[in-house]
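The values are calculated or read from the model by the stated rules, or taken from the named source; none is laboratory data. Computed from a predicted structure; not experimentally measured. Using ideal geometry, Cβ is built from the backbone for each residue, glycine included, and neighbour counts are taken over all protein chains shown.
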Amino acid sequence: MRKRLTLLIFLLSLSGLLFAQQKPQDTGNKKVKRNSWGINLYYAEKGFGLSTGFFKPLNRTTDLSANIGIAGITDNSEFEYYDFYGNSIIPDKINRVYMIPLNIGLQHYIFQDDIDGSFKPLITIGLTPVLVLTNPYNRGFFSALGYTQPSFAAGGYVGAGLEFQESNKISVTLHARFYYLPVLGREVSSLKNKPINNLGGMQIMFGFNFLH
């Protein structure tokens, strides 16, 4: 999993550099476009997820952001293989685990006066309460929904990223964040006798923001 994460970081970083090589847009005296809302696909140490959120400009270089997502969670030591009949088997797996994080934070553009407006490095910081849901792995996906149990986690994140304004309506974003999300509610386990105490870790996010 760590090799896949390293490769993904490299590929997304390369794509960010390619965006940076694009010819800057001439905005002239036109109103500078700001983020309104966005959608993101992200990859973390414990799984993939999808999120959407909104932005509220506070000043020329800082936005208040809020987004909500959903992701499947796996234990770092999970190992999946297939039997002779093509059935998926994960030894000692007892639960499917999902999390629904709500990120509320600040997004600040750095070097705003030194770099063309179409290419914006940024830093982020924020708080993240999380609803965690688990249900038994030995039941079918839909039948297990009736046995879903809630738990909670809470913490925060710091990160950095790049934003490239592709057009007057869309910007492309690439973020790297580090989350610390200790579990606060009932114990969360994907594998037998291996509770997951922290749902955080590194996260790579790629998405599109829609401007106004």
Where in the stretch 155-212 are there strands (runs of 3 or more DSSP E), lying fully within it, with 3 or more residues that are farther than 30 Å from Pro136 by Cα? 170-180, 201-211
If I filter the stretch 79-100 for residues that are more than 24 Å from Asn135 (Cβ to Cβ), surrounded by fewer than 15 Cβ atoms within 10 Å (Cβ to Cβ) and within 27 Å of the chain's Cα centre (by Cα), do I get at least one hit? no
Scanning the stretch 68-90 residue by residue, the ones that are part of a loop (DSSP other than H, G, I, E, B) and without any contact (Cβ under 8 Å) to a residue 40 or more places away in the chain total 7
Quick one: would you say Asp63 is surrounded by 13 or more Cβ atoms within 10 Å (Cβ to Cβ), among the charged types (D, E, K, R) and not in a strand (DSSP E or B)? no
Scope the stretch 176-190; condition crowded, with 23+ Cβ neighbours inside 10 Å and over 14 Å from Pro101 (Cβ atoms); matching residues: Ser190
In the set Gly105, Gly16, which member is surrounded by 14 or more Cβ atoms within 10 Å (Cβ to Cβ) and at pLDDT 85 or above? Gly105
Being out of contact with any strand residue (DSSP E or B) (no Cβ under 7 Å at 6 or more places or on another chain) and either in a loop (DSSP other than H, G, I, E, B) or not hydroxyl-bearing (Ser, Thr, Tyr) (or both) is the filter; apply it to the stretch 126-148 and report the residue that is nearest to Asn95 (Cα to Cα). Asn138
